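Asker: The structure that follows is given in the form of structure tokens.
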Amino acid sequence: MRGVIRWANGQGAGVLAALEVPGGDLARLPAATTLTRTLARIDAAALDAAVGAFVQAHAADPRAGIAGDPPLLQLAADGKTVRGARDADALQLHLLGVHQVDPGVMPAQREMRHKPHETVHYTAALDLIADITGPIVTADALHTVADHARYLHRRGAFGLFPVRENRAALLARLDALNWDETTNP
């Protein structure tokens, strides 16, 4: 919360007025405890949905379509632990975010109860984005599973996942391929 107050203290009267601080006056900023109590009452899922919808609506390239094809959408899904954040049960907060590479925004994220359950939340996080037709979606080796590939195919997206020892049979099949040969469509 101190970071929010520090940030607000560095803003001009115009930004403060836009945030509805009376008269844009720094002296009229709410106390950190007021902000903490207010933020504690916010429905985190509803806030995530609202911010995600806003970002999705405003992240489109305004030049898209001028030169013909729209730009290629690139998404990256990854789970992170939010340092210092705790949920209502005082457990460490983990989020699975979907990052849109260009323009560098996070159009969707989903809270995970425990970090090891990241794969369970993968499709639910991507479901928060209305249309993922055509993009390349990357994720770490944890997500190199057939269900995720099938999900992306159903949604019209492409997946790019690393194959490591956690998928031993698939890795062995890939290692057995003759990578010097190429095929042309």
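Bear in mind these aren't lab numbers, they're just calculated from the coordinates by the rules spelled out. Nothing here was measured: the structure is a model prediction, and the numbers come from that model. Positions of Cβ are backbone-derived with ideal geometry, glycine not excepted, and every protein chain shown enters the neighbour counts.
Asker: Need the full-extension length gain, Leu170 to Phe54, defined as separation in residues times 0.36 nm minus the C-alpha distance. One decimal, nm.
Answerer: Result: 37.8 nm gained on full extension.
Asker: So how much slack lies between Asp87 and His117, counting 0.36 nm per residue of separation and subtracting their Cα-Cα distance, in nm?
Answerer: So the chain would gain 9.2 nm between Asp87 and His117.
Asker: Sticking with this structure for a sec: Could you order the peptides 159-167, 23-31 from most to least packed, using the average number of other C-beta atoms within 10 Å per residue?
Answerer: Top to bottom by mean Cβ count within 10 Å: 159-167, 23-31.
Asker: Which value in Å is the Kirkwood Rh of region 78-185 over different Cα pairs?
Answerer: 15.7
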